[in-house]
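In what follows, a structure is listed as structure tokens, so that the remarks can point back to it.
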Amino acid sequence: YNQSGLLGVSGVSSDMRTLLASEDPRAKLAVDLYVYRIARELGSLAAALGGLDAVVFTGGIGEHAAPIRERVCSLAGWLGTVVDVEANAAGRPRISTPDSRVSVMVMPTNEEWMIARHTWGLLHPVQD
């Protein structure tokens with residue numbers, strides 16, 4: 001698994017920052033495939049759910065890669081995602097324009113906090 005994913009496709013790196021900065025055509029291919037797969041899954045979700053109210057970007061790439069967010073929302077534009085370029089570049093929590101039919105948000109994650117909360121809940125269950 002260490003040689004798959006972005007690294008496996010690009011042969012360059014698994015780090016999106018490196019891929020976005022690279023001139024290597026394989027890096028561009030890896031980024032293009034990554035964006036395409038996200039947009040494809042959004043389409044699948046929209047079909048299964050009968051539409052989307054919001055798209056939320058989170059995690060390392062979702063939180064820190066404005067070009068990826070912009071490209072994904074551009075491909076998913078048919079769903080009604082319209083990105084405010086300035087808000088996206090500034091890393092604001094809401095990056096969609098007011099007239100976007102689907103809200104687009106960026107939310108930081110804190111996996112360690114969630115693990116701690118769930119562990120605490122298991123160790124100290126609420127008694128009825």
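The set of residues in the range 1-14 being free of Cβ contacts under 8 Å to residues at least 24 places away in the same chain and in contact with a Leu (Cβ under 8 Å, 6 or more places away or on another chain) consists of Ser10, Val12, Ser13, Ser14. If you go through the range 71-128 and keep only what is over 19 Å from Ala46 (Cβ atoms) and among the aliphatic types (A, V, I, L, M), you end up with Val85, Ala87, Ala89, Ala90, Val106, Met107, Met114, Ile115, Ala116, Leu122, Leu123, Val126.
With the requirement that a residue be aliphatic (A, V, I, L, M) and surrounded by fewer than 17 Cβ atoms within 10 Å (Cβ to Cβ), what does the range 21-44 give you? Listed by number, the residues that qualify are Ala21, Leu29, Leu33. For residues that are open to solvent by 50 Å² or more (accessible area, probe 1.4 Å) and under 16 Å from Val56 (Cα atoms), scanning just the range 99-110, find the one that is modelled with the lowest pLDDT. In this case the residue turns out to be Asn110. Looking across Gly91, Gly77, Gly121, one residue alone is out of contact with any Lys or Arg (no Cβ under 8 Å at 6 or more places or on another chain), open to solvent by less than 90 Å² (accessible area, probe 1.4 Å) and under 16 Å from Gly60 (Cα atoms). It is Gly91. Only residues that are open to solvent by 60 Å² or more (accessible area, probe 1.4 Å) and either assigned to a helix (DSSP H, G or I) or under 18 Å from Val72 (Cα atoms) (or both) were counted in the range 1-20, giving 3.
Every residue, every condition in (1) at pLDDT 95 or above; (2) in contact with a Ser or Thr (Cβ under 6 Å, 6 or more places away or on another chain), yes or no:
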site	(1), (2)
Ser22	yes, no
Arg26	yes, yes
Ala30	yes, yes
Leu33	yes, no
Ile38	yes, no
Gly60	no, no
Ile68	yes, no
Val72	yes, no
Arg92	yes, no
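Glu63 satisfies every condition listed in (1) in contact with a helix residue (DSSP H, G or I) (Cβ under 8 Å, 6 or more places away or on another chain); (2) open to solvent by less than 50 Å² (accessible area, probe 1.4 Å) except (1). Val104 meets each of the listed conditions (1) at negative phi; (2) out of contact with any Ser or Thr (no Cβ under 6 Å at 6 or more places or on another chain) apart from (2).
The values are calculated or read from the model by the stated rules, or taken from the named source; none is laboratory data. Because the structure is a prediction, the values reported are computed rather than measured. Methodologically, a virtual Cβ is constructed for each residue, glycine included, from the backbone with ideal geometry; neighbour enumeration extends over all protein chains shown. Note: accessible area is taken over every heavy atom of the protein model, side chains too, but ligands, DNA and RNA are not part of it. Shrake-Rupley method; radii C 1.70, N 1.55, O 1.52, S 1.80 Å.
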